[in-house]
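Below is one structure, written out as structure tokens; comments come after it.
The values are calculated or read from the model by the stated rules, or taken from the named source; none is laboratory data. Since the model is a prediction, treat every value here as computed from it, not as a measurement. FYI the Cβ positions are ideal-geometry reconstructions off the backbone, even for glycines, and counts take in every protein chain you see. For the accessible areas, the whole protein counts, side chains as well, though only heavy atoms, and no ligand, DNA or RNA atoms are used. Shrake-Rupley method; radii C 1.70, N 1.55, O 1.52, S 1.80 Å.
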Amino acid sequence: MCLTDTGVPDHFTTVDAWGSVTMRRLDDGWCAALDRDTLLCRIYDRRPLLCREFEMGGPECLAEWEAAWPNS
Ligand code: SF4
């Protein structure tokens, strides 16, 4: 399944070094679709499949949180 099959708007995507379409990151490193004020996804109903499978509060989520904010 292509990342954009769920309807991700083109302006939130980019093409990586391997030619794959990925979510674009802004200068702060976070996804371009993330609302910085609310920390909610601005395209929740159209988010990529990977985002749908990523369990909020699950082990991978907590590992990413720890990497971003150590000792928080
Ligand atoms: S769920 Fe998060 S990572 Fe996925 S598109 Fe939305 S803001 Fe980006």
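Quick notes on this structure:
- 1.4 Å probe accessible area per residue over the chain, in Å²: 80
- Sulfur and carbon atoms: percent of accessible area, region 3-68 [1.4 Å]: 56
- In the chain, the longest principal axis of the Cα atoms and the axis of helix 59-68 are about 80 degrees apart.
- Given +1 at the Cβ of Lys and Arg, -1 at the Cβ of Asp and Glu and no other charges, the dipole of the chain around its Cα centre is 180 debye to the nearest 20.
- Each Lys or Arg adds one and each Asp or Glu takes one away; over the other residues whose Cβ falls under 15 Å from the Cβ of A67, this sums to -3.
- Counting only DSSP H runs of at least 4 residues, each contributing -39500 (n - 2.57), and dividing by the residue count of the chain, the helix-based mean residue ellipticity at 222 nm comes to -5500 deg cm²/dmol.
- Estimated from the Cβ-Cβ distance and a Förster radius of 25 angstrom, the FRET efficiency linking A67 and D35 is about 0.75.
- Exposure ranking of V8, V15, V21 by accessible area [1.4 Å probe, largest first]: V15, V21, V8
- Diffusion coefficient, µm² s⁻¹, Stokes-Einstein with Kirkwood Rh over alpha-carbon pairs of the chain at 20 °C and 1.002 mPa s: 161
- Remark: relative contact order (region 3-68) = 27 percent; criterion is Cα-Cα distance under 8 angstrom and separation of 6 or more residues.
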